[in-house]
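Notes to accompany the following structure.
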Amino acid sequence: MLTIASRDIVKTPSYITSPKEITFVEDAKKHIIKSVVFPYELYEQLREKIEDRR
(Lines give C-alpha, C1' and ligand atoms only; values in the text may rest on other atoms or scores of the structure.)
Protein backbone atom coordinates (compact mmCIF):
# COMPACT_ATOMS: atom_id res chain seq x y z
CA MET A 1 0.00 0.00 0.00
CA LEU A 2 1.13 3.46 -0.85
CA THR A 3 0.24 6.79 0.80
CA ILE A 4 0.70 9.97 -1.22
CA ALA A 5 -0.08 13.63 -0.64
CA SER A 6 -2.76 15.20 -2.81
CA ARG A 7 -0.17 17.48 -4.41
CA ASP A 8 1.77 14.41 -5.63
CA ILE A 9 -1.08 13.56 -8.00
CA VAL A 10 -0.16 16.59 -10.12
CA LYS A 11 3.50 15.54 -10.23
CA THR A 12 2.81 11.85 -10.92
CA PRO A 13 -0.72 11.31 -12.31
CA SER A 14 -0.04 7.59 -12.85
CA TYR A 15 -0.73 7.12 -9.13
CA ILE A 16 -4.38 7.66 -10.02
CA THR A 17 -4.69 6.77 -13.70
CA SER A 18 -3.04 3.36 -13.51
CA PRO A 19 -2.50 2.28 -9.92
CA LYS A 20 -0.48 -0.87 -9.40
CA GLU A 21 -1.41 -1.15 -5.74
CA ILE A 22 -3.85 0.31 -3.24
CA THR A 23 -3.10 4.02 -2.91
CA PHE A 24 -4.24 6.29 -0.10
CA VAL A 25 -4.48 9.99 -0.95
CA GLU A 26 -3.72 12.15 2.05
CA ASP A 27 -4.58 15.80 2.63
CA ALA A 28 -1.17 17.48 2.54
CA LYS A 29 -1.89 19.99 5.30
CA LYS A 30 -4.03 18.00 7.74
CA HIS A 31 -2.42 14.58 7.12
CA ILE A 32 -5.82 12.90 6.91
CA ILE A 33 -6.63 10.17 4.38
CA LYS A 34 -9.20 11.61 1.97
CA SER A 35 -9.41 9.00 -0.81
CA VAL A 36 -8.48 5.45 -1.71
CA VAL A 37 -7.58 4.32 -5.23
CA PHE A 38 -7.18 0.69 -6.19
CA PRO A 39 -6.66 -1.22 -9.45
CA TYR A 40 -9.74 -2.25 -11.41
CA GLU A 41 -8.70 -5.89 -11.22
CA LEU A 42 -8.98 -5.70 -7.46
CA TYR A 43 -12.38 -4.06 -7.79
CA GLU A 44 -13.56 -6.97 -9.95
CA GLN A 45 -12.59 -9.37 -7.16
CA LEU A 46 -14.24 -7.28 -4.45
CA ARG A 47 -17.32 -6.08 -6.34
CA GLU A 48 -19.68 -8.72 -5.00
CA LYS A 49 -18.63 -8.07 -1.42
CA ILE A 50 -19.03 -4.32 -1.89
CA GLU A 51 -22.49 -4.71 -3.44
CA ASP A 52 -23.63 -7.14 -0.73
CA ARG A 53 -23.01 -4.50 1.92
CA ARG A 54 -25.53 -2.10 0.39
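The values are calculated or read from the model by the stated rules, or taken from the named source; none is laboratory data. Not measured: the values here are computed from a predicted model. Positions of Cβ are generated from backbone atoms using ideal geometry, with glycine treated the same way; all protein chains shown enter the neighbour counts. Accessible surface is based on the protein model in full, side chains and every heavy atom, while ligands, DNA and RNA are left aside. Shrake-Rupley method; radii C 1.70, N 1.55, O 1.52, S 1.80 Å.
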Q.
Under 7 Å between Cβ atoms, which residue pairs at least 6 apart in sequence (or on different chains) link something in region 29-54 that is touching a residue at least 60 places away in the same chain (Cβ under 8 Å) with a partner that is of a type in the set (A, V, I, L, M)?
A. none
Q.
Can you find a residue that is open to solvent by 70 Å² or more (accessible area, probe 1.4 Å), out of contact with any Gly (no Cβ under 7 Å at 6 or more places or on another chain), of a type in the set (S, T, N, Q) and modelled with pLDDT of 85 or more anywhere in region 13-22?
A. yes
